[in-house]
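**Q** One structure coming up, written as structure tokens, with questions to follow.
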Amino acid sequence: MNIIKTAVFVPLFIGAIVFFTLRCLHLIKILKTGRPEDRFDNIPQRLKNVFIVAIAQSKLFREPLAGTLHALIFWGFVLFLFAVIEAIIQGFYAPFSLKFLGPLFGVITVIQDVFGILVIGSVLFAAYRRYIQKVKRLQVDAHGSKDAAFILGMILVVVVSMFGQNISHVAMHGLSGYEFRPLSAPLAASIFGSGNAGAGTLYEVFWWIHIVAIFAFLNYLPYSKHLHVLTSVPNVYFGNVDEKKNTIKPINLEDEKNEFFGVKDLEQFTWKQIFDSFSCTECGRCTSVCPANTVGKLLSPRKIITDIRDRAFDKGTMLVKGVNEGEVFEKTHVPDYTTEQELWACTTCMACVQECPVSIEHVDSIVDMRRNLVLMESSFPPELNNTFRSLENNFSPWAFDPSERGDWANGMDIRTMSEDSSGEYLFWVGCAGSYDNRYKKVSQAFASIMQKGGIDFRILGSEEKCNGDTARRLGNEYLAQEMMKSNIETLNGYGVKKIVTACPHCYNSLKNEYKQFGGNFEVKHHSELISELIESGKISVKENSVKEKVTFHDSCYIGRYNDIYEEPRKAILSAAGSNVVEMERNKSKGFCCGAGGGRMFMEDHDGGKVNVERTREAIETGAGTIGTACPFCMTMMNDGLKAHDKSEEMQVKDIAEIVYENLK
């Protein structure tokens with residue numbers, strides 16, 4: 001009997017492994033159709049990310065219920081590998097058992113029983129959420145829905161057949177040594193009583209079901225939308241680390257070998273961007289937090305990534321086969337898979353990237369596709385013509401005279417670097433802080449706070465240019481690099497070491513992206529410096545002097561991009577105390593104002609307005625003041641109040657204004 005079993009099993013095993021290997025090699029060949037990219041640096045940090053994000057499932061637990069369900073299924077399957085290995089070896093040698101592991105075998109058997117029932121419960125509840133409760137973010141097309149049902153069904157078959165083996169095995173042989181099965185043993189006694197009639201036959205039936213299910217599951221995955229089961233852990237390993245997680249990768253514009261800029265089709269994506277698409281779990285977490293999608297725009301970060309996968313399977317398969325003509329090649333990724341309208345809706349807020357449990361980098365792919373539209377196709381929303389023209393001619397998104405940049409500081413006894421470059425800090429004012437009438441007041445308030453706190457600072461005045469963030473995220477890399485390199489030359493020329501700015505977009509560029517071009521500076525956001533001045537006692541604020549409720553809106557570019565959440569709140573708390581209230585979505589789960597990614601300079605042609613949605617949340621807190629720490633956020637929240645007819649009842653103030661107005 002065992003000889004027949006082995007004779008049938010061996011060719012089945014070999015066939016399953018060969019078939020699986022061939023498919024994996026095919027997928028690797030598809031990855032190679034993309035551009036090369038170095039993702040092999042900083043191994044310790046990458047391994048740490050694997051442990052925290054992939055093994056400990058940290059991102060999934062940001063949504064506790066769903067996170068617990070998935071974690072139980074994931075950990076259960078990892079722990080069930082012992083049962084799988086044991087069953088496979090038994091195909092070659094039927095008497096094999098892991099009992100030789102001694103006490104460890106006892107741990108394994110307990111875990112199998114406990115996690116087995118937890119996995120069954122989790123799978124059933126997951127199916128309930130997807131098909132009965134119909135959680136919005138889990139709804140996919142018909143094929144995806146059937147795919148998910150099949151996967152959940154296969155998981156059930158694998159676990160139930162494992163229990164079937166264990167129960168019938170206990171009925172035949174009882175428990176031995178360190179073996180302990182708190183569920184299987186009582187079930188064996190209940191089903192078979194004191195005898196074991198039929199247990200041997202049932203064991204063989206369940207063993208074959210278990211083995212066939214495992215091999216079928218293994219070979220179905222590389223063809224299914226659940227390919228992430230194989231690729232998610234490696235994808236987390238190859239994810240962005242260190243400062244790369246909040247930066248846009250530069251293009252070498254001086255490389256004559258570059259025949260294209262950005263991404264129009266499959267071959268222009270990097271292998272990692274294609275691998276991202278293989279790793280998408282289609283869980284919908286990215287789309288559920290996307291501000292553009294929330295207000296009804298076409299953008300769905302999940303679709304952006306699955307579009308890449310679809311194109312990879314369509315065109316990549318043809319390229320691997322050596323075919324380079326036909327209907328597939330008459331199309332391009334943009335606009336035949338992903339439309340321009342979707343790409344221009346993105347605010348680059350990074351909510352999608354933060355929530356993704358497998359570290360997919362949606363924003364990088366979106367910006368790369370924008371780059372091709374701008375640099376190669378000259379195709380972008382018409383209202384951006386004026387923005388780009390102003391950036392080229394006036395070094396700001398608005399058509400103001402560069403000589404007026406420092407006018408806000410008239411009468412404040414603030415010196416420029418050209419007058420005296422010996423100050424400790426350079427105050428990088430930014431375009432809004434220099435030209436926008438409302439935000440000039442913030443520049444003045446913050447400068448006054450620094451003067452009160454004894455900070456020795458200077459400004460660049462007319463020598464300052466836009467930091468490049470807007471142009472870069474709009475895809476105009478050429479223009480962005482021109483301004484960034486020019487600013488770096490100016491800063492390095494004056495020997496600048498420390499910079500402080502009230503603009504999160506300036507902050508992120510100066511701190512993280514200027515390094516790409518030789519600009520290495522110690523950069524602080526004004527909320528950080530204000531908080532330090534208060535804590536050190538260099539400035540004093542009247543406690544509880546703000547009598548109305550204040551709520552704070554987190555800027556994406558100091559929040560999600562740079563993990564600055566507490567410093568702005570400390571500044572507000574110093575004056576408002578217990579009157580500070582939080583919006584429903586706050587801190588790392590905060591909702592974008594809608595201005596990032598160049599959206600500040602674009603019109604809303606479809607769907608609703610992100611700022612109106614965010615302002616609604618602020619209004620619902622009952623606050624009289626909305627605190628901000630970003631010029632774009634201030635503008636968007638003010639416009640939101642107008643849309644809600646609340647401008648007379650509520651006001652928007654920067655944290656610098658709140659602190660300055662309440663200084664002792």
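Just so you know, all these numbers are worked out from the coordinates, no wet-lab data involved. Owing to the predicted nature of the structure, the values given are computational and were not obtained by experimental measurement. When we count neighbours, we look across all protein chains shown, and the Cβ atoms used for this are built from the backbone with ideal geometry, even at glycine.
**Q** Which distance in nm do the two modelled labels at GLN451 and TYR128 give, with both placed 7 Å along the Cα-to-Cβ direction?
**A** Between GLN451 and TYR128, the simple spin-label model gives 6.5 nm.
**Q** Note the full-extension length gain between GLN45 and THR21 as 0.36 nm times their separation in residues minus their Cα-Cα distance, in nm to one decimal.
**A** Length difference between fully extended and current span is 5.7 nm.
**Q** Among DSSP beta bridges whose residues both lie in the chain, state the antiparallel percentage, nearest 5.
**A** Beta bridges within the chain, antiparallel portion: roughly 5 percent.
**Q** What number comes out for the charge environment of SER122, summing +1 per Lys or Arg and -1 per Asp or Glu over other residues with Cβ under 13 Å away?
**A** Cβ neighbours under 13 Å give a net charge of +2.
**Q** Answer with a single label: of (1) 17, 49, 30, 4, 0; (2) 17, 43, 27, 12, 1; (3) 20, 56, 23, 1, which was calculated as P(r) over Cα pairs in 20 Å bins from 0, in percent from the structure in view?
**A** (2)
**Q** I'd like the distance separating the alpha-carbon centroids of region 239-292 and region 537-584, in whole Å.
**A** 34
**Q** Then there's this: Any chance you could check the Cα centroid distance between region 335-360 and region 594-642 for me, in angstrom?
**A** Between the Cα centres of region 335-360 and region 594-642 lies a distance of 20 Å.
**Q** With only Lys, Arg, Asp and Glu charged, each at its Cβ (+1 for the first two, -1 for the last two), find how big the charge dipole of the chain is about the Cα centre; round to the nearest 20 debye. Each step should come with its number before you reach the end.
**A** Values: 71 positive and 77 negative charges, 391 e Å.
Computed about the Cα centre, the dipole is about 1880 debye.
**Q** Further question: Output the relative contact order of the chain, whole-number percent, from Cα pairs under 8 angstrom with separation of 6+ residues.
**A** Here the relative contact order equals 12 percent.
**Q** Measure off 7 Å from each Cα along the Cα-to-Cβ vector at LEU12 and ASN393, then give the distance between these two points in nanometres to one decimal.
**A** So the two model labels end up 7.6 nm from each other.
**Q** Let me ask something additional. Among PHE457, GLY193, VAL170, which residue has its Cα furthest toward the positive end of the charge dipole of the chain, with +1 on Lys/Arg Cβ and -1 on Asp/Glu Cβ?
**A** The Cα lying farthest towards the positive end belongs to GLY193.
**Q** Explain nothing, just compute: Karplus ³J(HN,Hα) = 6.51 cos²θ - 1.76 cosθ + 1.60, θ = phi - 60°, for every residue of region 581-591 in order, whole Hz, x for Gly and Pro.
**A** Computed from phi, the couplings for region 581-591 are 10, 9, 6, 4, 9, 9, 6, 5, 9, x, 9 Hz.
**Q** How much length is gained if the chain between SER540 and VAL205 is pulled fully straight, taking 0.36 nm per residue apart and subtracting their Cα-Cα distance, in nm to one decimal?
**A** So the chain would gain 112.8 nm between SER540 and VAL205.
**Q** I've got another one for you. If you filter region 438-515 for trypsin sites (Lys or Arg not before Pro), then keep DSSP loop positions with at most 16 other Cβ within 10 Å, what is left?
**A** Those that pass, being in a loop and sparsely packed, are LYS497.
**Q** Normalised by the residues of region 538-661, what does the relative contact order come to in percent, with Cα pairs under 8 Å and at least six apart?
**A** Computed value for region 538-661: 31 percent relative contact order.
**Q** Any chance you could check the Cα centroid distance between region 487-517 and region 43-61 for me, in angstrom?
**A** 31
**Q** Could I ask something else about it? When 1/r is averaged over all different Cα pairs and the result inverted, which Kirkwood radius in Å belongs to region 63-226?
**A** Across region 63-226, the inverse of the average 1/r is 16.9 Å.
**Q** Any idea how far apart ILE191 and GLU383 come out in nm if each label point goes 7 Å out from Cα toward Cβ?
**A** Taking the two extended label points, one gets 6.5 nm.
**Q** Can you give me the span-like helices of the chain, meaning DSSP H runs with 24 Å or more of Cα extent along the axis and Kyte-Doolittle mean at or above -0.5? Walk me through the intermediate numbers first.
**A** Working: long enough: 2-31 (43 Å, 1.78); 103-127 (36 Å, 2.04); 142-173 (46 Å, 1.03); 199-220 (31 Å, 1.25).
Span-like helices, by this rule, are 2-31, 103-127, 142-173, 199-220.
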